[in-house]
Each structure stands twice: as structure tokens, then as C-alpha cells.
């Protein structure tokens, strides 16, 4: 969490994380640009690496939101 705190913009704190007027964790390079099918793939690890994550106000993240087609979500656990 220290990584995110060092990148906070003025006014950000854990008290205003999430919600409609708060901030969230966003990808710097959009997740849809990485190729992966499991959490073990290097693409997944690169997408979710700390150096690809940043705190952004919700309105900022909506403005930069990519319009590229989304992949189907990967299944993190094997089905029973």
C-alpha cells in the first residue's frame, strides 16, 4: 500500500478510497492490452504489477477509460 500512498494526489487518503466521489486503483497501461489466460502468465503479472498501477480519482479513471473490447475474465480458481 505504500506504493499507492506515494502516488496519491492532493486530497487522497484511505478514508476516501472507493465510492462515487473517491479514488480507486487504476492501470497505467490498460489491462486489455495484455495477453493472458491465467494468473501465472507473464501478461497478467505485468498488468497487475505495482509499476502499472496508480491511484486515480473516479472521474479521472472514467475519462481515460479505454474503449477497446474487453476479454472474458479469467477464472482464478479451478471449478469443483
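For the reader, a short list of remarks on this structure follows.
- Filter result (free of Cβ contacts under 8 Å to residues at least 24 places away in the same chain and either surrounded by 11 or more Cβ atoms within 10 Å (Cβ to Cβ) or assigned to a helix (DSSP H, G or I) (or both)) within segment 31-48: 31, 34, 35, 41, 42, 43, 45, 46, 47, 48
- Residue pairs whose Cβ atoms lie under 7 Å apart, separated by 6 or more positions or on different chains, with the first residue in segment 16-30 and free of Cβ contacts under 8 Å to residues at least 12 places away in the same chain and the second part of a strand (DSSP E or B) and buried (at least 16 other Cβ atoms within 10 Å of the Cβ), are 16/23; 17/23.
- The number of residues in segment 1-13 that are over 16 Å from residue 49 (Cα atoms) and either touching a residue at least 12 places away in the same chain (Cβ under 8 Å) or under 11 Å from the mean Cα position of the chain (by Cα) (or both) comes to 3.
- Residue match in segment 59-71 (condition: modelled with pLDDT of 95 or more and touching a strand residue (DSSP E or B) at 6+ places or on another chain (Cβ under 9 Å)): no
The values are calculated or read from the model by the stated rules, or taken from the named source; none is laboratory data. Note that this is a predicted model, so its numbers are computed, not measured. Reconstructed Cβ throughout: ideal geometry from the backbone, glycine too, with neighbour counts over all protein chains shown.
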